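So the structure is just underneath, and the comments pick up after that.
The values are calculated or read from the model by the stated rules, or taken from the named source; none is laboratory data. Just so we're clear, the structure is a prediction, and the values are computed from it rather than from any experiment. Note that each Cβ is placed from the backbone with ideal geometry, even for glycine, and that neighbours are counted across all protein chains shown. Side chains are part of the model used for accessible areas, which takes the heavy atoms of the whole protein and leaves out ligands, DNA and RNA. Shrake-Rupley method; radii C 1.70, N 1.55, O 1.52, S 1.80 Å.
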Amino acid sequence: MSSSMFTLPTAAAGIPIGLDQDINSHLEDLAGKLKDSHRPETPSIHWELINRVLAYAASAEQHISEQQARICELEALSSTDELTGLHNRRGLHDFMTRALSLARRHEEKGVLAFLDLDNFKQINDTYGHNTGDLALKTFAETIKSNLRESDFVARVGGDEFVFVLIHTSEEDGRKRALTIQKIADSTTLTLRDRELPLKASMGIIAYNGDSNYGQLMRSADLAMYKNKRAKKR
């Protein structure tokens, strides 16, 4: 057996802090001794080296596990909206990057809908930011509960949301998106002395394998503002 098979990275290459920095030499020494030893009994010095290797392996495994857990936690925080628990703008970008890649490879289609809560500033000014936060969380849950598991929803701004319907034609996707808007528009927030209705304006844009994420977002945003102006008229 070649001693090179036992070579591990040095501390500079990522050995956990606090571990024996001479582990390389120990492993090479062990490999050489085991290669030259054909006796049934292993000298105590060999067992000492083996124990050091096992201790290193156990410590390294724990260290790696802790680092992976921390990385997952940071990744979740970086793509999750703290208030609503939905994905944020970064999460949406990552999802659409994958969705558009699949659309190019498999000629898939879908629909992206951009929503903006109507009169949200007035809600904050009249009832306070706690009520505004409750309105956002209620609205977020309403959208999420009416999507398929394979669909996607994110909060991309203060009172702005985007949901994505995958594997659907423009006609079917638009119908589903309008149905979700009607459900959201029938949502009310229960306050102490009144029921506060929640309404939203929405822009709907279909996508396919030729679509560009930035252009999709701009077009959906523009369509949403057209809907908002039309409702005011």
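For a quick protection proxy, order the peptides 91-103, 196-208 by their average other-Cβ count within 10 Å, most packed first.
Most protected by this proxy first, the peptides run 196-208, 91-103.
On the accessible surface of the range 43-149, probed at 1.4 Å, how many percent belong to carbon and sulfur atoms?
Here carbon and sulfur together make up 51 percent of the probe-accessible area.
Over the Cα atoms of the range 110-174, compute the convex hull volume and normalise it per residue, giving Å³.
74
Rounded to the nearest whole Å², what accessible area per residue is found for the range 119-170 with the 1.4 Å probe?
Accessible area per residue: 49 Å².
Skipping prolines and chain starts, which residues have an amide H placed within reach, meaning under 5 Å, of the one on THR187, given they are 5 or more residues away or on another chain?
Answer set, sorted by chain and number: LEU198.
Once both labels are modelled 7 Å past Cα along the beta-carbon direction, what's the ALA55-ASP133 spacing in nm?
Going by the 7 Å Cα→Cβ label model, 4.9 nm.
Sequence gap of 8 or more, or different chains, plus Cα separation below 21 Å: how many lysine pairs satisfy both in the range 101-178?
Lysine pairs meeting both conditions in the range 101-178 amount to 4.
Which order do peptides 180-189, 119-128, 161-170 fall in by mean Cβ count within 10 Å, highest first?
Per-residue Cβ counts within 10 Å, averaged per peptide and sorted highest first, yield 161-170, 180-189, 119-128.
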